[in-house]
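Asker: Pasting a structure here, questions to come.
Please treat every number below as a calculation from the coordinates, not as lab data. Predicted model only: the values in this text are computed from it and were never measured. Glycine gets a Cβ as well: all are built from the backbone with ideal geometry, and neighbour counts include every protein chain shown.
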Amino acid sequence: MLYVKIYNLGKVIYDTTEIQKEIVALNQHYDKKADSTRLAVKFDSTRKDEKRKKKYLEKIEAKRTNKIGIRKRSLEEGNFLMRSAGEPPVIYDSTLSEKTRLNFHKYLQSKGYFESQVTIQPDTNYRKKRIQATYVVQPGILSVLDSIQYVIEDSLVRDLILSDQANSKIASGDPFDQDKITEERERIYNLMKNYGYFDFVRQEMFCEADTLSKTGKVKLTMVMPGKHSIYQLKRLYFNQDVSYQSSGLKRDTALYKNVYYTFLKKTYLRKLLDHKIATRPPDVYSYGQIQRTQQQLGSLDLYKFVNINFEKELTDSLHPGLVCYVNTSPMPKFQLSQEYGVSVGQAYVPGPFFQLSLKTRNIFRSLEVWETSIRYSLDAQASVTNQDNDRAYRTQEFSIFTSLGLPQLLVQNKLRDIFRNYNPRIKFQLGYTNIIRPEYSRENFRAGLVYSFQKNINLHWTFTPIEINIIGSKVSDEFEKQLGILRGLGSNLYLSFRPSIVTGASLSMVYNNHDATQNKKSKYFRPSLEVGGVVPSILSQSFSSSAQSDSNRLFNKQYFEFFRLSADARYYFPIGKKNTFAIRLNMGFAQPFGSSVKSGFFALPYEKYFFAGGNSSIRAWRPRRLGPGTYLDSSGYVYEQPGEILLETNYEYRFNIVSFIDGALFVDAGNVWTIKDETREGSTFKFFNSINEIAVGAGAGIRLDFSFLILRFDVSNKMYDPGQPTQDRVIKELDIRESAFNIGIGYPF
């Protein structure tokens with residue numbers, strides 16, 4: 001009813017007479033402009049001026065068409081409130097009501113309610129000229145599957161389907177559900193396609209349901225008549241530069257491991273490309289292996305496109321044949337790109353950034369991609385030590401990063417063959433970052449080696465056997481005094497600003513079947529494990545003095561031994577066609593071990609701590625200021641608050657308002673805690689006793705969805721503040737002055 005009221009409000013101020021007068025006035029206005037221009041042409045007949053004034057006349061007509069078009073649209077569709085923000089009242093149509101009733105009835109039958117009845121009870125209010133239609137549903141008995149039979153004429157197909165019954169989507173005793181039966185047909189279709197049945201189509205299999213009178217039981221029969229042929233790959237052609245096919249240039253062809261490679265130049269090593277081809281003659285056709293081949297070739301970042309086509313071939317052998325054509329077109333060898341805009345992260349105020357990247361492909365003829373990028377950003381971020389909440393400090397960041405990616409593992413051929421179906425990649429990384437803030441400047445030289453594996457489009461593994469960070473910091477005199485005060489109280493924050501070596505090895509997995517372009521049920525899960533400091537500890541004991549070994553020092557640099565666990569789980573539930581309910585659970589645990597504990601430091605690298613608060617966390621609190629536990633600094637939420645334990649959850653209802661404008665209602669809850677920190681009272685995690693220390697915030701937001709970019713504006717307020725005394729933790733009165741405003745790019749999760 002709200003949208004109808006908005007429509008009626010727009011209709012009150014809608015005046016077609018005024019719009020028609022505007023159209024007449026606009027025509028007269030542009031007629032005068034055009035006449036004055038034509039008159040000027042008569043007295044100035046040079047060819048140059050005639051051409052210039054012709055363009056001016058065209059601009060006049062374009063403006064006329066545009067402005068009058070807007071008025072005509074208002075005449076046809078109404079004003080903005082009527083056509084965009086509101087909805088016109090629905091005129092009752094008995095024919096459409098009957099169609100709706102039948103749709104209800106068909107849906108109930110598809111879910112096993114065969115004896116269901118749906119009736120319409122209209123209630124007419126003649127005074128208000130309204131009809132309320134009530135649909136009365138009597139579902140009846142829910143039918144279940146009594147038995148499932150497969151009547152398949154081809155014995156080979158029947159044996160194949162029966163051997164895969166463990167993966168069946170339906171079973172005896174299940175409620176009858178047409179959607180589940182459709183999923184079972186899809187499973188059988190994919191099974192057939194992966195075992196050589198190239199020309200099998202879904203329509204060749206159908207279902208017969210016998211409702212067995214009124215017993216509530218259904219006898220289901222899956223029927224597949226006729227014989228079916230298994231196809232075999234006879235030849236496979238890999239065309240490396242199909243874009244030059246019609247150029248008339250002479251092309252060469254070479255055979256390698258039953259694959260014909262056609263090319264103009266020997267650009268790519270066929271030995272390496274061979275590891276990306278998942279199927280080859282004389283394999284039986286498999287749609288899954290064809291998809292894997294296309295996916296692995298496409299992930300190389302070497303080709304503009306990868307198309308795979310087939311032609312049938314008559315043969316005298318047992319299986320009919322297929323000729324496979326893999327057509328590709330190479331990307332440019334050198335690609336320079338630039339990116340600039342506004343960075344929106346944990347900064348207090350968004351700021352500009354600029355990035356320049358150079359990508360070089362196949363420079364060593366090993367299908368490698370070498371990429372170098374330079375980035376500079378400037379933003380405003382709240383000071384770590386400043387007592388004034390409203391004051392922000394300028395932060396500059398400069399970084400240069402280079403990486404060399406190879407589409408294979410640097411191991412023996414036998415191991416390569418084992419991992420070839422997992423799309424393995426290896427990347428060497430080297431980088432430098434310089435961050436300048438009023439309190440300190442921080443340099444970081446980073447080097448690492450990363451292995452990645454992709455089983456399918458949804459599952460991705462990343463293994464980093466070694467990552468080395470050499471960090472140097474220079475602090476201001478004022479900040480050095482502050483660190484000294486904190487050290488006197490027992491805080492180990494000063495360790496994070498010593499010259500240090502931070503090493504680590506990590507393993508992470510990402511499962512993601514979420515598609516932002518489709519509103520369907522999906523999930524995202526990312527667990528990760530990182531262990532750091534083992535190598536420096538061994539080297540310290542071997543090469544450094546005993547004094548340095550006891551103080552976690554290597555070559556006069558601080559090192560840290562630690563392990564870090566984290567897990568991020570997200571679930572997306574569609575509500576209607578355009579609305580979604582999203583849930584996120586984010587957890588983390590980090591702890592020092594070894595000499596980092598024995599020495600009494602009990603410290604982590606600053607970047608390895610967990611923080612709460614910010615536009616992608618608990619949005620009612622400023623970035624990295626929440627917690628830990630019930631601890632609240634005497635000056636309020638000013639200092640960054642690191643912790644070793646993180647627990648946070650987010651709930652967000654996303655809905656469309658109008659056109660590209662979406663809205664959101666959300667609730668955030670969570671906090672960070674410490675394992676051991678006597679300097680911050682109330683910060684220690686106490687298992688179930690810490691439940692009442694979980695902060696809660698709630699708010700609303702607007703999202704501008706431009707397809708290529710989503711701009712997000714959120715406003716949030718504290719609902720439960722664990723930093724306050726127990727009796728004051730529940731916020732009973734909202735104060736707009738205490739609201740937290742967040743700007744972001746993309747969804748928070």
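Asker: Quick check on segment 61-125: what are the equivalent-ellipsoid semi-axes from the Cα gyration tensor, as sqrt(5λ), descending, whole Å?
Answerer: 44, 15, 9
Asker: So if R0 is 56 Å, what FRET efficiency would residue 486 and residue 182 give, r being the distance between their Cβ atoms, rounded to the nearest 0.05?
Answerer: FRET efficiency, residue 486 to residue 182: 0.30.
Asker: Please list, by residue number, every one of the GluC sites (Glu not before Pro) in segment 647-726 that is coil in DSSP and has at most 14 other beta-carbon atoms within 10 Å.
Answerer: For GluC sites (Glu not before Pro) across segment 647-726 that sit outside H, G, I, E and B with at most 14 neighbouring Cβ atoms in 10 Å, the list reads 678, 681.
Asker: Can you give the convex hull volume per residue for the Cα atoms of segment 435-487, as a whole number of Å³?
Answerer: Cα-based convex hull of segment 435-487, divided per residue, equals 142 Å³.
Asker: Taking the mean number of other Cβ atoms within 10 Å as a proxy for protection, how do you rank 110-116, 9-15 from highest to lowest?
Answerer: Packing order, densest peptide first, comes out as 110-116, 9-15.
Asker: Separation between the residue 705 and residue 337 pseudo-spin-labels, each 7 Å from Cα along Cα→Cβ, expressed in nm?
Answerer: That separation, rounded to one decimal, is 2.4 nm.
Asker: Show me the ranking of peptides 555-562, 608-615, 739-746, 61-68 by mean Cβ neighbours inside 10 Å, starting with the highest.
Answerer: Ranking, from highest mean packing down: 608-615, 555-562, 739-746, 61-68.
Asker: Given 25 °C and 0.890 mPa s, compute D for segment 232-330 with the Stokes-Einstein relation, Rh being the Kirkwood radius over Cα pairs; round to the nearest whole µm²/s.
Answerer: It diffuses with D of about 176 µm²/s by this estimate.
Asker: Let me ask something else about it. As an exercise, use a Förster radius of 60 Å and the Cβ-Cβ distance of residue 210 and residue 414 to find the FRET efficiency, rounded to the nearest 0.05.
Answerer: For R0 = 60 Å, the calculated efficiency reads 0.65.
Asker: Moving on. Using the alpha-carbon centroid of each, what span in Å lies between segment 107-162 and segment 686-706?
Answerer: Here the answer is 41 Å between Cα centres.
Asker: If I take R0 = 51 Å and measure r between the Cβ atoms of residue 57 and residue 692 in this structure, what FRET efficiency does the formula 1/(1 + (r/R0)^6) give, to the nearest 0.05?
Answerer: Here the calculated transfer efficiency is 0.10.
Asker: Would you tally the net charge around residue 741, using a Cβ to Cβ cut-off of less than 10 Å, leaving residue 741 out, and scoring K and R as +1, D and E as -1?
Answerer: Numbers: positive: 619; negative: 714.
Residues near residue 741 contribute 0 overall.
Asker: Then there is this: List the equivalent ellipsoid semi-axes of segment 635-749 in whole Å, largest first, each obtained as the square root of 5λ for an eigenvalue λ of the Cα gyration tensor.
Answerer: Each semi-axis is the square root of five times an eigenvalue, giving 31, 16, 13 Å.
Asker: On to the next question. From Cα coordinates alone, what are the radius of gyration and Dmax values for segment 144-224 in angstrom?
Answerer: According to the Cα coordinates of segment 144-224, Rg and Dmax are 12.8, 42 Å.
Asker: For segment 232-330, give me the percentage of DSSP beta bridges that are antiparallel, rounded to the nearest 5 percent.
Answerer: Close to 60 percent.
Asker: Starting from the exponent 0.38 and prefactor 2.2 Å, build the expected Rg for segment 420-523 from its residue count and divide its actual Cα Rg by it. Intermediate results must be reported in sequence, preceding the final value.
Answerer: Numbers: Rg = 20.3 Å, N = 104, 2.2 N^0.38 = 12.8 Å.
Cα-based Rg divided by the globular estimate yields 1.58.
Asker: Separate question: Could you order peptides 522-534, 144-156 by the average number of other Cβ atoms within 10 Å of their residues, highest first?
Answerer: In descending order of packing, they fall as 522-534, 144-156.
Asker: Taking all pairs of different Cα atoms in segment 94-138, averaging 1/r and flipping that mean, what Kirkwood radius in angstroms comes out?
Answerer: Over segment 94-138, the inverse of the mean reciprocal pair distance is 11.5 Å.
Asker: Would you mind checking 481/676; 250/304; 193/234; 577/718 for any pair whose Cα atoms are more than 28 angstrom apart?
Answerer: In this structure, 577/718 lie more than 28 Å apart at Cα.
Asker: Can you tell me the length gained on complete extension of the stretch residue 158 to residue 311, counting 0.36 nm per residue apart and subtracting the Cα distance?
Answerer: 52.4 nm
Asker: Could you tell me what percent of the DSSP beta bridges with both partners in the chain are antiparallel, to the nearest 5?
Answerer: Bridges in the chain that DSSP calls antiparallel: roughly 90 percent.
Asker: So if I place +1 on the C-beta of Lys and Arg and -1 on the C-beta of Asp and Glu, and nothing else carries charge, what would the dipole magnitude of the chain be about its Cα centre? I want it in debye, nearest 20.
Answerer: Here the size comes out at about 2600 debye.
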